[in-house]
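Everything below concerns the one structure shown next.
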Amino acid sequence: MSDRDKFAVLRKCQRVWAVAAIHGEAKRLHAMHDELDRRFVAGDRLIYLGNYLGHGSDVRATLDAMLAFRRELIARPGMFAADVAYLRGSQEEMWQKLLQLQFAPNPREVFAWMIEHGAGATLAAYGGDIQQGFVCTRDGPLAITRWTGKLRTAMQGLPGHYALMSALRRAAYTDDGALLFVHAGLDPDRPLSAQSDSLWWGTGSFARLDRPYGGFIRVVRGFDRAHPGVQTSQFTASIDAGCGFGGPLVAACFDRRGEIIDMIEA
């Protein structure tokens, strides 16, 4: 996989709006989009930081809203398709693995772990049933393959959903090398090109990052398991306020120095 396929590059931006984890909260996302539509100006770019799926009650409407708002933004003068980016989150990683569950050496245990961590909402969004999933894991790889095939077909039947999952990037950065955007964290001892699972599962070292990473002024993440709200340090910013867990959805606007200069809570 080339770097172009792994990472999104936000070019010629004056400001970047970053959207925290959504977790299927379509109503909050619609409210955030309504406000962002009024505040978004020429030179702005938009990035969604992952976890669109899982936990919440309206996963399908969440993806529909993201796709519709992207179409609206890139229709504006001076905007291009690459000016709106989507990162892969832990929920999207889980969904991809669920669609390949037949290859897991212990599918029943893997499926149970996914359900425990919020994948049931995504499963229901595409016509799946948790109990049927457990039955298929008992019946073996062929039964699982048929079941996951139906889930994939259901997703492909909704305009843009499957294509969006295929377009997710591991991380994104501004073309001036100032800002790096990730889903949940990173391994500070690895270069960006070697980052993998830590991007969507996170590490405990993110908030304690005490030096610039890879030359970036600030690293911004959209998901924190503790959902503490907007927090910044000298080199990091975390903007997860708990959407999907009773908290608001946050969109933070960063200037070219990595400072938060505007914010929306919905």
Legend entry - Any strands (runs of 3 or more DSSP E) falling wholly within region 221-266 and containing at least 3 residues that are open to solvent by 10 Å² or more (accessible area, probe 1.4 Å) and over 23 Å from ARG211 (Cα atoms): 260-265
Legend entry - Where MET114 falls short, out of the listed (1) closer than 20 Å to ILE22 by Cβ; (2) surrounded by fewer than 20 Cβ atoms within 10 Å (Cβ to Cβ): (2)
Inset, instruction - Check ASP176, ASP139 and return the single one that is among the acidic types (Asp, Glu), in contact (Cβ under 8 Å) with a residue 12 or more places away in the chain and either within 29 Å of THR236 (Cβ to Cβ) or open to solvent by 30 Å² or more (accessible area, probe 1.4 Å) (or both). - result: ASP176
Inset, instruction - Out of the residues in region 198-219 that are assigned to a helix (DSSP H, G or I) and either touching a Phe, Trp or Tyr at 6+ places or on another chain (Cβ under 7 Å) or in contact (Cβ under 8 Å) with a residue 24 or more places away in the chain (or both), state the one that is surrounded by the fewest Cβ atoms within 10 Å (Cβ to Cβ). - result: TRP201
Inset, instruction - Being over 18 Å from the mean Cα position of the chain (by Cα) and among the hydrophobic types (A, V, I, L, M, F, W, C) is the filter; apply it to region 180-214 and report the residue that is modelled with the lowest pLDDT. - result: ALA207
Inset, instruction - Read through the list (1) open to solvent by 10 Å² or more (accessible area, probe 1.4 Å); (2) β-branched (Val, Ile, Thr); (3) in contact (Cβ under 8 Å) with a residue 12 or more places away in the chain, then give the number of the only condition that THR148 fails. - result: (1)
Legend entry - Unique match (being closer than 27 Å to ASP176 by Cα, of a type in the set (A, V, I, L, M, F, W, C) and without any contact (Cβ under 8 Å) to a residue 12 or more places away in the chain) among ALA68, ALA81: ALA81
Legend entry - Criterion violated by SER193 - all others in (1) outside any helix (DSSP H, G or I); (2) touching a residue at least 24 places away in the same chain (Cβ under 8 Å) satisfied: (1)
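The values are calculated or read from the model by the stated rules, or taken from the named source; none is laboratory data. Keep in mind that this is a model prediction, so the values were computed, not measured. For neighbour counting, all protein chains shown are included, and Cβ atoms are generated from backbone atoms with ideal geometry for every residue, glycine included. Calculation scope for accessible area: heavy atoms of the full protein, side chains included, ligands and nucleic acids excluded. Shrake-Rupley method; radii C 1.70, N 1.55, O 1.52, S 1.80 Å.
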